[in-house]
Every structure is written in structure tokens, then in C-alpha cells.
Amino acid sequence: MICGLGFIAAAAPARALDPHTALAQYGYQSWQTDTGLPQNTVHAIVQGRGGFLWIATEGGLVRFDGVEFRAFTRADTPGLPSDLIDDLMEDRDGTLWISTSGGLARMRGGRVEAFGAALGVPATQVWRTFEDGHGTVWALTAVGLFRIEGDRGVQAALEADLTENSRMAEGGDGSLWLGTAEGLMRAGEDGIFRAVGASSEVLALAVDGNGTAWAGMRSGLEACSSAGCRSVALEGSGAVNTLAADASGRVWIGTDAGLFTAEGEKVGKFRKGTGRVDFLHSDRQGMVWVGTARGLMRIGPGGTAELLKGGDVFLSAAEDREGDLWLGTESGGLAVLRDRKFSTLTAEDGLTDEYILALVQAPNGQIGVATKSGGLDIFRDGRFRALTTAQGLSSNVVLTLAAAANGDVWVGTPDGLNLLRSGEVARVFTTADGLADDFVRSLFVGGRGALWIGTRRGLSRYENGKFMTWTALDGLGSDLIGAMTEDQQGTLWIGTLGGLTRFRDGQFTNLTTKDGLSSNVVTALYADREGLLWIGTNDGGLNRMRAGRMVSLAPPQMPRRVIGILEDGSGYLWISSNSGVYRVSRDGLNRMAEGGADAEVMRFGVADGMRISECSSGGHPAAVRLSDHPTVPTAGASGAPSDGSLWFATLKGIARVDPEHMPVNGVAPQVAIEDVSVDDAPQASVENLKVGPGHGHYEFDYAGLSFVAPQKVEYRYQLEGFDRGWVDAGTRRTAFYTNLPHGNYTFRVIARNNDGVWTKAAATAELTIEPHYYQTV
């Protein structure tokens, strides 16, 4: 169905990829024929005014809404001259021009119509179209150049042949340039194109900020202006394959011999070792994307270059309104690069094992990473160093970590307690030294410097070189000890399998479900700066204790299983779980605890950059907030988040987020009503739909066109004349109605993006259900 789509335009300004994010930390996703594309060669990508992505393939025209592809071919779209689409261009009036191997077509009002011989353009190969500053559309075809005037095509006088490499470009002064098989041409005041410079086929064309046209040819490079043309020498370059002018006016030159730049009269090789360059794209931030034989290269601020390895040959690129960069390839289908809120450290970054159990930051800024089978990984200056049994560690299974103020790091394993000094194993403690059990599950260094050790057989304290142990017989909720923390009054709180235990003034007090706790299995503890204790449980969600009063907090979107609890600098709690990481306002939770409305919750997972949504629950602490320390790398240097970032242990690496510099998507989704079906029969249009009597089932299919995280787009809809208010549909993209009475209805739908920004106006569809004859009396 391509006719009658209801579109809502977004008013927010376009975003762009953050140039300070490491290239490897962008979110990357690709689609091929096995995931919805009809064919894997993508010649062009355009985001239309309606918000859809339009994709030119050799198997048809494709519309993408972020979740589903819809292919238009000659079999179902008679107005399409060919399924081999070479180029797409949307003009200022919103008409989509479709260049195909069999002729030119355009889409207006959702309908595709051939723009063929009857309208002045022969049914021949059309390589591309171009719109000039006056709104005139030009078609570059195998039989010449055509200018579209209204609904007619007029062939331009041109004494040269065009090729598949031919391009048009416009200077800031309105001058039009055309690359042909016989060289570069410029339009005179009479509108006629005349040759300038050498008579050689133009393979690439770009105009810089000074109005100089740069023509890349098989034999080299020319720079032409109103004053004339000059040849530009490029050492060992061979053919010039591609050209692009960036926001500063600098021209980038891709050749067989590598990448060159030109600024005014100064031309030089950008860097050695790039190899053949076939593709260039300059984005809104001024970053330049370079397709090389080794992969995709990004040249960022200051000329820094990073390579994303891969074997794809790039043919096209486009930025959408939310800042995503879409890439079309020769045989690898469609790909996208996105800013992500989270980044993840994995084995590719040096982790010995991606199954992470615990995290801690030492006073010197180093970060200890407990792994399930790879020992202890120590992260510093963007690199990992492994510490295993080969270096004296009691086990390569590390369950828990703690750091002391004097720089000591304590490491708990199933085979004892390890003391690290200066990054080396100084000693291993076991039951022979007085430890309650060799299986060390949790560690916590108290304010007075004492080390508290949680085991399977009770709680031990190591202080002044001696161990002391307590068990359930002393008042602990269970001998199986988990999370521990200390509040501002110095009270020790202990999570156990049998409730929450308080240790104060040498006495244990245990709190259970009888005292208001939502579950007796306590898995995470956090004491905030205001004296509140936040308690996470295995199956009862989050609890808050204030002045001895326990309250269970269970907003509908919150997880039942809490693994870790952190607080950022803006008053948000971050909760790791087996279903992702959740952010919720601490103030909102406090209002909720006093009987107010549910606190608003945001969930983060794979769509936000995590490699897996499931956080690991086998160790303590399962999350850490980095302190302000100069040895911790900052964002942009090695890809590590800046100080104040939050690190979470997961089953596939360390998920990291920097709350203070998290990209926020402020672009409201555009909304489209894609189809309306009556008794499972798709209707020809969604505009002013009239349906006869006797039908039982009505279906409205819609899409919120946000590409940053399509899985997280949520909807509300209302059928005016039937629904009393808005219906929260969550992420569901279809509304169903049955046995509607006759009458007039208006279906409305709005959407919100991954950061909670709603569309201001609804997409609508009018529906009239006609009465039976006996209802017309």
C-alpha cells in the first residue's frame, strides 16, 4: 500500500553523530536479504519529508520505517519503469524522483507514476537527478540531459555524452557544472552548457566554498572557476574516483593511490596507507567518511583518523534527522551508525573473559574487573592487564572485589581471600587463617578500615591482622552472605538469603517480609547521602528504608530482580537487572513512597548500546560509579567514558554509560498511518475511507519513524467517536476494532521516541461506516 499515507512532520532541528565518540563505540547495525531487503546493492538512500527511509536497490524501491521493509517493484507498482533503481532525490516540493535503468519515475501523494516519453523524457537509462537552487530538476540520462519544467521534460542542448559517472553541482553563485564523457562543462548565462578544461571523462565532481569546481578524471584532477581551469598534480594518483567538499570548504580527493586534500592552491596527501579510495561523504559535523579497501575510515576534528574494519564497498550515504548515518554498500546491503548511550568493553578490548561478576575502582584510578574464568583484569589507560593463578591468584574465578583507602585491593574467590598490593598478589587467606569459609562471595571495606567478608558459612571481619566470624546463631538472617554497605552513621547493612541484617553497637537485627521487605532474598544495597537505604531483592524489586520504615517500591516498568544500585550526579538511581539497566529519579521514588504517582522509569538494553541486556548477578559489587581521578581515561581519547561514568557487569562484557554526557534524542517521531484493513482486506487509501455496512473487523497499522531505537518507540491512539480517551499501546503498531456501529470516526495516533519525546500533533485517518438500509429511517 503506497497511497494515502498520513504524515506528520517533525519540527526539531536535525542532529548529528557525536564526533568525540570513538568510532568503534558507535552502534552498528546492518540489513541484507535475509533480514528484509529485496536485494543487497544499495545505490542511494533518502529520508523523505514523511520520515520514511527510501532505499534504491537493484531489486526495487524500498521503504523502511525502522522495523519493516516494504519493497515496490514493477509487479505491484506499474508506474515503476524498472526494478533496478540507480538514484533517488526528493525535491523541495516533496516529490521523490526515482532514476531507474528503464526510465524516470516520480512519487507524489504516495503514488508512483512514470515520467516517460509522453512527458518528454525517453524510456532509457536514467542515472540520477539533480535539483538546482531555483527548484529546477535535471535528469541525467543515457540519451542526454533533460530539464523538468512543470510536468514536461525538455532536452538541454549538450554537445557531449553523459555516463554513469556524470554529476551535476552548483556553486554558491548559482553557477551550474556538469561532468560528461568529454570533460567538465559549465552553464552560461544563456543556460547552454559549454566545455571548460581538458577533454577527458569526468568521474567525480565537487564545488568548494569559493565556487571552484573540482573535476576528477581518469588522468588526474582539474580545478575550474570563472577565471579558467588548471591541472592539479597528485603524486602517483592515477584515476580520481570520488570527491567531497566539507563544511570548511576543503576538498577531499579519493584516488587509486589514496586520499588527498585541497585547500585553495595547497594540495597534498592526507595520510599514507589508506590504499584505494572509492567513497567520500562529509557529514553535518564536518566529519569525513572514507571508503577504503581496508574498511570505513572516519576523519574527525583536528584530522584524527579511525578505521572501522570491514570488506564492504560503499556506494551511498545519508544522515537522517536524528543524526544516524546510513550507508549503502555494493553487496552488503544497508548499514547504519548511531550514537549510543552505552558502550561496552569486550574481549576485543582485552578482557580475558566477557562474563563479568564484579567491579571496583582502586584509589589510584585503576579498575578491577572480576571475571568468571579469566581471573582478575586490571584496566588502566585504556588497556587491560590480566592477573591469574599464574601470578599467584587463588582461583581464576573471581566473585567479589573491594578497595581499601591505603591502595590495597581485596579479591574474593571460591578458594580464598587474596590481598593485592602494588598490583601483585601479596597473600592468600583461607580458613586456616581464621576465615569463615574459603568461598568468598562478597567484600566491603568499612569506614574505619575493617574488611567485611561474606561467605557461605557466615560473616567474617578482618581487622588489625585478625579474623572474627559471626553466623545465623548470632542473629544473621542467613549464613549465606551477599551485598553489604554502610550508612552515614556507621551502621553495617548485610544482605542475606534470609532477609536484611543490621549490625549496630555489636548487635544484629534481622528484617524480613514481616517488617515490610518485599522479599527475603536481598541482592543489592545502596546508602545515599540523605540517609536513605535502598534495598534490591531477587524477586521483589526495590525497597526503601527511611528512619526505620520500610516501603516496597514497584513501578510497573521496574524490574523484579535487582542486581546493582548506583546513583549519578543528577539524583537518578541506576538499577541493573537481568532485563537491562533502569534509570529512575530518586525524588520520584520518594514521592511514590509517600503515596504519590508512580515514578517515571527508563530502561536501557541492546538498543542503547549494550551487547546484552542481562546483567550478571554472581558477584559483588555488580556495578561501580567511577570517581574523579586523573588516571581514568576520558571520552574521545580511548573510547572510555569520562569520570562519573557508571560501569555494569554483564554476561557479555562491561556496559558503560556517562550520565552527564549521554546523547539525548530530542527529535519527536514522525508518525504515519501505513494501512487500514477491513475484514483483513487492505484498503486502497487511508484518506476519507468509506466502508459499507456489515463489516466486523477494522485494523489500523501505524509507525513512529524514529530510527535511533525503533524498538523503543511507544504509541497512543484513539478512535474518536468510539474510544473515550487515549489508549496506551506500548510498542504495539496495530490497533484493532470489532463490530463498530455505523457513523463517522477519526483515528488518531501519536508516538514518543526512546527519550520520551512525543509528537505534538497526531496522524489521522477519517473513517465512515455506512448504515444498513433499515438504519436510514
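Some points to look at:
- Hits in region 533-556 - residues which are open to solvent by 10 Å² or more (accessible area, probe 1.4 Å) and under 22 Å from Ala597 (Cβ atoms): Met545, Arg546, Arg549, Met550, Val551, Ser552, Ala554, Pro556
- Out of Val425, Val411, Val398, one residue alone is more than 40 Å from the chain's Cα centre (by Cα) and either of a type in the set (A, V, I, L, M) or part of a strand (DSSP E or B) (or both). It is Val425.
- Check on Leu140, assigned to a strand (DSSP E or B), open to solvent by less than 10 Å² (accessible area, probe 1.4 Å) and within 18 Å of Glu90 (Cα to Cα): yes
- Just one of the numbered conditions (1) in contact (Cβ under 8 Å) with a residue 40 or more places away in the chain; (2) open to solvent by 40 Å² or more (accessible area, probe 1.4 Å) is not true of Trp452: (2).
- Look at region 162-190: where a residue is of a type in the set (Lys, Arg) and a partner is in a loop (DSSP other than H, G, I, E, B), sitting 6+ places away or on another chain with Cβ atoms under 8 Å, you get Arg186/Ser175.
- Taking the criterion of being open to solvent by less than 60 Å² (accessible area, probe 1.4 Å) and assigned to a loop (DSSP other than H, G, I, E, B), the residues of region 151-166 that qualify are Ala156, Leu158, Ala160, Leu162, Thr163, Asn165, Ser166.
- Neighbours by Cβ (under 9 Å, 6+ apart or cross-chain): first from region 726-738, more than 19 Å from Trp758 (Cβ to Cβ); second open to solvent by 80 Å² or more (accessible area, probe 1.4 Å): Phe736/His697; Tyr737/His697; Tyr737/Phe722; Thr738/His697
- The set of residues in region 653-711 that are touching a Lys or Arg at 6+ places or on another chain (Cβ under 9 Å) and more than 28 Å from Trp31 (Cβ to Cβ) comprises Asp658, Pro659.
- Count of residues meeting criterion [at pLDDT below 95, open to solvent by 60 Å² or more (accessible area, probe 1.4 Å) and within 25 Å of the chain's Cα centre (by Cα)] in region 741-777: 1
- Which listed residue, of Ala123, Ala114, Ala118, is open to solvent by 40 Å² or more (accessible area, probe 1.4 Å) and part of a loop (DSSP other than H, G, I, E, B): Ala123
- When the residues of region 639-690 are filtered to those that are of a type in the set (Val, Ile, Thr) and more than 18 Å from the chain's Cα centre (by Cα), the one that is nearest to Ser570 (Cα to Cα) is Thr650.
- Among residues of region 485-521, those that are open to solvent by less than 40 Å² (accessible area, probe 1.4 Å) and in a strand (DSSP E or B), counted: 12
- The number of residues in region 333-388 being hydroxyl-bearing (Ser, Thr, Tyr), assigned to a strand (DSSP E or B) and under 26 Å from the mean Cα position of the chain (by Cα) comes to 2.
- Residue pairs whose Cβ atoms lie under 7 Å apart, separated by 6 or more positions or on different chains, with the first residue in region 264-293 and within 12 Å of Arg250 (Cβ to Cβ) and the second small (Gly, Ala, Ser) and surrounded by 13 or more Cβ atoms within 10 Å (Cβ to Cβ), are Leu280/Ala244; Leu280/Gly254; Ser282/Ala244; Ser282/Ala245; Ser282/Ala247; Gly286/Ala247; Val288/Ala244; Val288/Ser282.
- Taken together, the residues in region 428-449 that are open to solvent by 10 Å² or more (accessible area, probe 1.4 Å) and assigned to a strand (DSSP E or B) amount to 5.
- Lone qualifier among Gly580, Gly609, Gly564 - being modelled with pLDDT under 95 and either touching a Phe, Trp or Tyr at 6+ places or on another chain (Cβ under 9 Å) or not hydroxyl-bearing (Ser, Thr, Tyr) (or both): Gly609
- Residues in region 720-742 that are within 21 Å of Thr768 (Cβ to Cβ) and in a loop (DSSP other than H, G, I, E, B): Gly721, Phe722, Asp723, Arg724, Asn739, Leu740, Pro741, His742.
The rows are residues; the columns are (1) at pLDDT 95 or above; (2) of a type in the set (S, T, N, Q).
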site: Thr292; (1), (2): no, yes
site: Leu315; (1), (2): yes, no
site: Glu319; (1), (2): yes, no
site: Gly323; (1), (2): no, no
site: Asp339; (1), (2): no, no
site: Thr344; (1), (2): no, yes
site: Ala347; (1), (2): yes, no
site: Ala358; (1), (2): yes, no
site: Gly365; (1), (2): no, no
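- Pairs, first open to solvent by 30 Å² or more (accessible area, probe 1.4 Å) in region 654-677, second part of a strand (DSSP E or B) and not basic (Lys, Arg), C-beta under 7 Å, six or more apart: Asp675/Pro682; Asp675/Asp701
- Among (1) at pLDDT below 95; (2) buried (at least 18 other Cβ atoms within 10 Å of the Cβ); (3) assigned to a loop (DSSP other than H, G, I, E, B), the one test that Leu296 misses: (3)
- Residue satisfying all of: in region 455-474; in a loop (DSSP other than H, G, I, E, B) and over 12 Å from Asp437 (Cα atoms); most open to solvent (accessible area, probe 1.4 Å) among these: Asn464
- A single entry from Gly482, Gly477 fulfils the requirement of being assigned to a loop (DSSP other than H, G, I, E, B), open to solvent by less than 30 Å² (accessible area, probe 1.4 Å) and either modelled with pLDDT of 95 or more or charged (D, E, K, R) (or both): Gly477.
- Candidate set: region 233-256, residues that are part of a strand (DSSP E or B) and closer than 17 Å to Ala181 by Cβ; chosen: the one least open to solvent (accessible area, probe 1.4 Å): Val240
- Total residues in region 560-602 satisfying the condition of being within 23 Å of the chain's Cα centre (by Cα), closer than 19 Å to Ser613 by Cα and either of a type in the set (Phe, Trp, Tyr) or part of a loop (DSSP other than H, G, I, E, B) (or both): the figure is 4.
- Strands (runs of 3 or more DSSP E) (entirely within region 54-101) containing at least 3 residues that are open to solvent by less than 30 Å² (accessible area, probe 1.4 Å): 60-64, 85-90, 96-100
- Subset of region 743-776 (residues that are under 21 Å from Ala684 (Cβ atoms) and assigned to a loop (DSSP other than H, G, I, E, B)): Glu770
The values are calculated or read from the model by the stated rules, or taken from the named source; none is laboratory data. On a predicted model such as this, the values are computed, not experimentally measured, just so you know. Here Cβ is always computed from backbone atoms with ideal geometry, including for glycine, and neighbour counts include all displayed protein chains. Protein only, heavy atoms only, side chains kept; ligands, DNA and RNA dropped before computing areas. Shrake-Rupley method; radii C 1.70, N 1.55, O 1.52, S 1.80 Å.
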